[in-house]
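The values are calculated or read from the model by the stated rules, or taken from the named source; none is laboratory data. Being a predicted model, the structure only gives us computed values, none of them experimental. Don't worry about glycine lacking a Cβ; one is built from the backbone with ideal geometry, like all the others, and counts go over all protein chains shown. We work out accessible area using only protein heavy atoms, side chains counted, and drop any ligands, DNA or RNA first. Shrake-Rupley method; radii C 1.70, N 1.55, O 1.52, S 1.80 Å.
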Amino acid sequence: MNITMTLIGQSITFLAFVWFCWKFVWPPLLTVMREREQKIADGLRDAERAHKDLQLAQRKATDELIAAKTKAAEIIDGANKRASQIVDEAKQAAHDEGDRLKIAAKAEIQQEVNRAKEQLRKRVAALSVAGAEKILAVNIDAKAHNDLIHKLAAEL
């Protein structure tokens with residue numbers, strides 16, 4: 001065996017192997033690597049988009065939470081204002097009712113005073129007539145008696 005021929009044979013075999021790999025093995029391998037590279041790039045893009053969406057969702061959630069807290073504070077403030085308004089209205093209604101009751105009580109007292117005065121006038125007139133009758137020892141008839149009572153009541 002000749003070493004030169006062996007080296008030349010091995011070189012030809014190696015070149016044939018390289019040509020075979022270049023023609024039949026390398027293109028599918030490149031295709032698979034390109035597809036894998038594309039999948040990785042798509043995955044990175046999707047991850048970046050998902051990260052941005054997450055940040056946007058977090059900002060939106062924070063904004064909505066702030067808006068909800070603000071709205072809740074407004075509702076509570078409105079409820080407190082309404083409650084104080086209701087209390088003020090109730091106080092005013094109670095004050096008005098008290099004034100109305102005072103006026104009614106004063107009117108009733110005035111009526112009672114007038115009735116008492118009228119009864120007192122009648123009683124004083126009756127006593128006056130009785131006293132005058134005793135003094136005069138004369139009995140006055142009923143009609144004259146009533147006229148006298150009314151006159152005396154009017155004078156009192």
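A single member of 85, 110, 55 is farther than 30 Å from residue 150 by Cβ, over 25 Å from the mean Cα position of the chain (by Cα) and open to solvent by less than 100 Å² (accessible area, probe 1.4 Å), and it is 55. So which of 25, 113, 87, 32 ends up being in a helix (DSSP H, G or I), hydrophobic (A, V, I, L, M, F, W, C) and within 30 Å of residue 154 (Cα to Cα)? One residue alone meets the criteria, 113. Has the range 25-34 got any residue that is modelled with pLDDT under 95 and exposed (fewer than 10 other Cβ atoms within 10 Å of the Cβ)? Yes, there is a match, as at least one residue in the range 25-34 is modelled with pLDDT under 95 and exposed (fewer than 10 other Cβ atoms within 10 Å of the Cβ). Any residue in the range 119-126 that is over 30 Å from residue 148 (Cβ atoms), part of a helix (DSSP H, G or I) and open to solvent by 80 Å² or more (accessible area, probe 1.4 Å)? No.
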